[in-house]
Amino acid sequence: MKQIRGIWLPKTDTHMESHLVRDPLVDGKGTYQFRKYDKARSHVKRFGHAVDIGAQIGLWSRIMALDFEHVTSFEPLPLHHACFERNVTAENVTLHRTALADKASEVTICTPAATTGNSHVAGPGETSGQVIQARTLDSFGLTGIDFLKIDVEGFEHFILKGAEETIRREKPVIIVEQKPNNAERYGRGQHEALALLKSWGGKELWVMSGDHLVVF
């Protein structure tokens, strides 16, 4: 591990480091995509429970913990867990060390050394990686969700399918990543996850650098 502006990250990672050195400080430490989070939270009406799917080293979770009564974070990679535990020390955060999917299963996670934040579920033809157990978000029975962030490098559609009951019931403000050439590795269209949320009654308010803000 290495430390940049008070944040711990994997030693080989250069992508997050480039953001940490230029994004604003919050609570005396570096941030990642803070302006995006700041714009998203302006649409949140209650600050009880936030969910961070694809929490990585905890950069969003750390900031969420300052605003919300409780944060539930999901991050499957042991490589990120040690950093997360150092970066997120707030007692109102619960980290689940598991992958999420549309059903209980095993998934293989591929991790680029220089951009560990681009770790992703292996697509067809990708054989190297770490095999990890996956569950559905619905299986956790989370309630009182006001805000949900999901950034999983193209696997969003599958995770949302496993979260339908929760999202339809809770109707949280959602920020979902939909960047090109990610979902396509699984035979999906770039914006299929966004279309799924809209089919459940979601309304897209804006998009910023590939992340879409949806409200119900």
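Computed from the coordinates by the stated procedures, all read-outs in this text should not be read as laboratory data. Values in this document were obtained by computation on a predicted structure and should not be read as measured data. Don't worry about glycine lacking a Cβ; one is built from the backbone with ideal geometry, like all the others, and counts go over all protein chains shown.
Please report the antiparallel percentage of the DSSP beta bridges confined to region 2-215, to the nearest 5.
On the way: 20 of 40 bridges.
Restricted to region 2-215, the bridges split so that about 50 percent are antiparallel.
Defining a contact as two alpha carbons under 8 Å apart and six or more residues distant in sequence, what relative contact order in percent does region 40-120 show? Provide the component values of the computation, followed by the final result.
Numbers: 110 pairs, mean separation 20.6, N = 81.
Taking the mean separation of contacting Cα pairs over the length of region 40-120, I get 25 percent.
By counting other Cβ atoms within 10 Å of each Cβ, how are THR14, THR136, THR127 ranked from fewest to most? Numbers along the way, then the final one.
Values: THR14 12, THR136 20, THR127 8.
Fewest-to-most Cβ neighbours within 10 Å comes out as THR127, THR14, THR136.
Among ASP27, ASP151, ASP52, rank each residue by its count of other Cβ atoms within 10 Å, from fewest to most, as a rough exposure measure.
Details: ASP27 10, ASP151 21, ASP52 27.
The order, fewest Cβ neighbours first, is ASP27, ASP151, ASP52.
Mean separation of Cα pairs under 8 Å and 6+ residues apart, divided by the residue count of region 2-215: what relative contact order is that in percent? Walk me through the intermediate numbers first.
On the way: 429 pairs, mean separation 35.4, N = 214.
Normalised by residue count, the contact order of region 2-215 is 17 percent.
So what is the calculated 222 nm ellipticity per residue for the chain, using -39500 (n - 2.57) for each DSSP H run with n of 4 or more, over all residues, to the nearest 500 deg cm²/dmol?
Values: 7 runs with 54 residues, N = 216.
The per-residue figure over the chain is -6500 deg cm²/dmol.
Going by how many other beta carbons lie within 10 Å of each one, how would you line up GLU106, GLU17, GLU184, fewest first? Mind dumping the intermediate values first?
Details: GLU106 10, GLU17 16, GLU184 13.
By the 10 Å Cβ count, ascending: GLU106, GLU184, GLU17.
Of the cross-linked pairs LYS45/LYS203; LYS149/LYS179; LYS36/LYS171; LYS39/LYS161; LYS161/LYS198, which ones have a Cα-Cα span greater than 18 Å in the structure shown?
Numbers: LYS45/LYS203 16 Å; LYS149/LYS179 15 Å; LYS36/LYS171 20 Å; LYS39/LYS161 26 Å; LYS161/LYS198 13 Å.
Going by Cα-Cα distance, LYS36/LYS171; LYS39/LYS161 fall outside the 18 Å limit.
When only C-alpha pairs under 8 Å and at least 6 residues apart count, what is the relative contact order of region 142-216, in percent?
Values: 117 pairs, mean separation 24.8, N = 75.
Answer for region 142-216 is 33 percent.
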